[in-house]
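First comes the structure, then the notes that go with it.
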Amino acid sequence: MKKIIMTGGGTAGHVTPNIALMPALKEAGYDIEYIGSVNGMEKDLIQATGVPYHGISSGKLRRYFDWKNFSDPFRVIKGYGQAISLMKKIKPDVVFSKGGFVSVPVVLAAKHCHIPAIIHESDITPGLANRIAIKGAKKVCCNFPETMKYLPSDKAVLTGSPIRRELFSGNADNALKLCKFPDHNKPVLLIIGGSLGSKIVNEAVRKVLPELLEKFYIIHLCGKGNLDNSLTGTIGYAQFEYASSELTDMFALADMAISRAGANSICELLALHKPNILIPLSAAASRGDQVLNAKSFKKQGFSFVLEEEELTADSLLNAVKEVYENRDKYISAMSQSGQMDSIGTIVELINKEAKL
């Protein structure tokens, strides 16, 4: 049996595409093991799949001053040594990385051990971790045509993002019961703040909640620690810190969505043809990747984009009205997008590199 090491962590966006790939890799005859950080959020997600998990030392690479900048390089070096040891012990045929800082020592260790590595970049411009890891990779997969110009031409492959198969088989009735909605006589608005939640989005939605509830039932994924107890029991409003297996059913029930513009989230909305409003994380609080992702989807007619700086009660209500009234236009654009078979394409790349 062929062996593959997968890596990636730090946020759900660096883990869920790996999980989406696992069933196809197993069908292709791969024995899968995973390398993540010792206490990273990826640990629980991967262990829940039954895939063996190996934790290594990890540090964050920052562009700003932080006292940890003096200690984290030593953690990365330690992680690099641990990853080399794991490569020699597991003897994988290939490595697949979804990014995040823990993936850097793993990809570089693979190069040191002459093991081919394939990495995946979700956003339009590569993040710092992947920019370093590209040097040790044989191929670099990406989601957006715009990304190709930022990658070495001999390594870049446009694949799209791996989407979990189960997202296409949700049961709306299950979500209806879970959310305790009285009936299904109103359209359902799903609000996704990202794996860590979004204070800005949460506050904006709750500020106009009475107006939204006049026309919609609302499922609000608000992030850990962000539940509003004063709204508990509000008819037509269901709030959750996060959703795991339940998300499949929630997507099936939802008629439209409000979401951050993380690449994996928006690719799921595209694959499911859900009309959506994107509120990207401001460039002032990030490297601006979500803003670029959102602009790409707006340009292609997939999404309505509402910048954080423009987010008010009126702008949010107007955006919801515009998207819902013109939902058929958005659904049509997404239906004609030619969504790629990303899982098949990536597994084919993995097979090719594993045989070389």
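The values are calculated or read from the model by the stated rules, or taken from the named source; none is laboratory data. Since we're looking at a predicted model, the values are computed, not measured. Here the Cβ positions follow ideal geometry from the backbone for every residue, glycine too, while neighbour counts run over all protein chains shown.
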### Task
Report yes if ALA133 is in the same structural domain as PRO105 (by TED's automatic domain parsing), touching a Phe, Trp or Tyr at 6+ places or on another chain (Cβ under 7 Å), in a helix (DSSP H, G or I) and at negative phi, otherwise no.
no
### Message
For the range 265-274, check the following and say yes or no: at least one residue is touching a Gly at 6+ places or on another chain (Cβ under 8 Å) and closer than 20 Å to PRO162 by Cα.
### Response
yes
### Task
For the range 26-52, name all the residues that are crowded, with 23+ Cβ neighbours inside 10 Å and in a helix (DSSP H, G or I).
GLU42, ILE46
### Query
For the range 295-356, which fully contained helices (runs of 4 or more DSSP H) count at least 2 residues that are in contact with a Cys (Cβ under 8 Å, 6 or more places away or on another chain) and of a type outside the set (Asp, Glu)?
342-355
### Task
Being surrounded by 14 or more Cβ atoms within 10 Å (Cβ to Cβ), in a loop (DSSP other than H, G, I, E, B) and without any contact (Cβ under 8 Å) to a residue 60 or more places away in the chain narrows it down to one of LYS111, LYS186, so name that one.
LYS186
#### Entry: Subset of the range 306-356 [touching a residue at least 40 places away in the same chain (Cβ under 8 Å), among the hydrophobic types (A, V, I, L, M, F, W, C) and within 24 Å of GLY193 (Cα to Cα)]
LEU311, ALA313, LEU316, LEU317, ALA319, VAL320, VAL323, ILE331, MET334
